[in-house]
Amino acid sequence: MKFLLSILLLSAVMQAQNFAVSSFALPKEHTAHPFWTLENKVGVSLLAGLVAADAITTQRGLNEGLRETNPLMRPFVTRGAAGEAAGSALGFGAGVGVAYFLHRTHHYKSERIAMRLMVAGESGFVVNNIIAIR
């Protein structure tokens, strides 16, 4: 009797392994928002234009005898247009990189706020340069 019960139990266990796993509902993968939405395209374009305007107005100010006040950018902008381009590219890349990092970590609201703050800050730098040049 024990032998028959053991065979019955083992056959039940073997049959249990045949159940398809697809019959259980698995959670769907989180569908991420695309990074290049219209809002991000406009924000990155504005940031690129403002970085270029900042570079131009900074070089014009340096030619008129003004001094770079940002200690992080000072080594770049004192090397002329090539140094200014390298510093601007690094700053622009860092800004877009921060926005992309926030996007990839699913902090979408922080991503939008960060992009808007970067555009506003760069706008302030350009306005400050224009006022100083006049």
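Please treat every number below as a calculation from the coordinates, not as lab data. All values derive from a computational prediction rather than experimental measurement. Glycine gets a Cβ as well: all are built from the backbone with ideal geometry, and neighbour counts include every protein chain shown.
Where in the stretch 48-68 does the label zone of S123 land, with the point 7 angstrom along Cα→C-beta and an amide N cut-off under 16 Å? Only 48-54 pass the distance filter.
The ranking of E68, E122 by Cβ neighbour count inside 10 Å, starting from the fewest, reads E68, E122. Summing Cβ point charges (Lys, Arg +1; Asp, Glu -1) relative to the Cα centre of the stretch 34-133 gives a dipole of roughly 200 debye.
Find which of A86, G124, Y108 sits farthest along the positive direction of the dipole of the stretch 34-133, computed with +1 on the beta-carbon of Lys and Arg, -1 on that of Asp and Glu, about the Cα centre. Working it through, the farthest residue towards the positive pole turns out to be Y108.
When only Cα pairs below 8 angstrom with a gap of at least 6 residues are kept, the stretch 34-133 shows a relative contact order of 41 percent. Going by a ≥ b ≥ c, the root eigenvalues of the Cα gyration tensor, does the stretch 34-133 fall in the rounded group (a/c under 1.5), the prolate group (a/b larger than b/c) or the oblate group? Prolate.
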